[in-house]
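Only one structure is covered here, and it is reproduced in the block below.
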Amino acid sequence: MNLTQVAQRFKKYLPLITIFGVAFFLIIFTIIARSRPKEETLPVVPIPGYSASTQPASYDLSRLKPVEVPDELAIYKLTPQPLTRDFAFSLASKLNFEPQPTQIIEETTTGTLYLWADSNRSLNVTEQSAIYDIALPAEGESKTVNVAEAERVAREFLSSINVDPSSLSVNGSYTKYFRIDEATIFPENNIQNADIVQLAFQASVEGNPLVGSNLDLGQATVQVDENNNVVFFQFQKLQQFVPQSKEKIKSFNDALMELNSRRATIIEAVAKTENGTEDIRVQPGFKIESASITNAFLAYYYPTPAPEFIQPIYVFEGEFQSESKENGRLILYLPALEGQVISR
């Protein structure tokens, strides 16, 4: 067979070769495409709060310092990590309770409840939280509480029960003071009159705090009295965070533009009572006349019940005056992922 005959025969079978080649390419392409992980569209963050009509026409940002934000942050998937029976018994032992619980209650809404109690103390442990409480004296001793010393005592206490305090930071905005009167505690604004200081320790993700329906999402809340005794402790077991994809974050300037376009939501508006001693949550339906934003930061939104994923948000803190002349503090949340707005 000479070259002319080979060429003629190749030309005769060229269409068939082409068809088989295209079919082979399509099969390989389909296999590769199916092997790639399917990109999931992240759900919009639902953040309940006051309606947009509550907000002023714009916010005073003159006292707000710029915030440096990364280009991207990870999304985290949550996996259950409940408190176990072994944890409950170990905690009771560390707190010097009797080996066996005073009572065990099965099938509560938060799982099995283990209860220890003695003459003036109690410990309650479920799958979600642990609460330790000491009966208070009739009156305080009129000593001044020391916040720095109270934090040291609280961190030592957390370490003693195997809660790692190095992974927690104190949210100073939610440090609270109480006075004791007739074995009951009452809020106290003046630290000089306080018998107890309450510290809220927050967990963080990538250095950004976790926040819930308000900023007071303490993974551990500890009360220390004027004698540096821990008189109350509450520990919330958070789920394990598994990093997922990295997502692009809105710039700080874009976040401010959305804030002034009423795309953030007010999740907390708290005013003072007439005597100025107690905080009261302002009821829905009020209208803000003016507001000033004084602080902003990134956080991860951890609502209740816990979602499948946690995502970053911007948190804005400030002060407001309502049309009825109430004054108080203000907290707003804004989704931080580029392209996302609040689902109302």
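The values are calculated or read from the model by the stated rules, or taken from the named source; none is laboratory data. Being a predicted model, the structure only gives us computed values, none of them experimental. Cβ coordinates were reconstructed from backbone atoms using ideal geometry, including for glycine residues, and neighbour counts include every protein chain displayed.
Contact annotation: residue pairs with Cβ atoms under 7 Å, 6 or more positions apart or on different chains, pairing a residue in region 147-172 that is closer than 14 Å to residue 236 by Cα with a partner that is among the aliphatic types (A, V, I, L, M) and at pLDDT 85 or above, are 158/220; 161/91; 163/220; 165/158; 168/220.
So which residues in region 76-105 are within 23 Å of residue 157 (Cα to Cα) and crowded, with 16+ Cβ neighbours inside 10 Å, if there are any at all? Passing the criteria: 83, 87, 88, 89, 91, 92, 95, 97, 101. Considered as a group, the residues in region 286-306 that are surrounded by 21 or more Cβ atoms within 10 Å (Cβ to Cβ) and touching a helix residue (DSSP H, G or I) at 6+ places or on another chain (Cβ under 8 Å) include one that is farthest from residue 238 (Cα to Cα), and that residue is 288.
When the criteria are applied in full, residue 240 fails the requirement of being in contact (Cβ under 8 Å) with a residue 12 or more places away in the chain and under 30 Å from residue 319 (Cβ atoms). Checking 159, 166, 204 one by one, the residue that is in a helix (DSSP H, G or I) and within 24 Å of residue 76 (Cβ to Cβ) is 166 and no other. Taken over region 105-120, the residue count meeting the criterion of being over 30 Å from the mean Cα position of the chain (by Cα) and modelled with pLDDT under 95 is 3. The residues on offer are 100, 81, and the sole one that is part of a loop (DSSP other than H, G, I, E, B), at pLDDT below 90 and among the polar types (S, T, N, Q) is 81.
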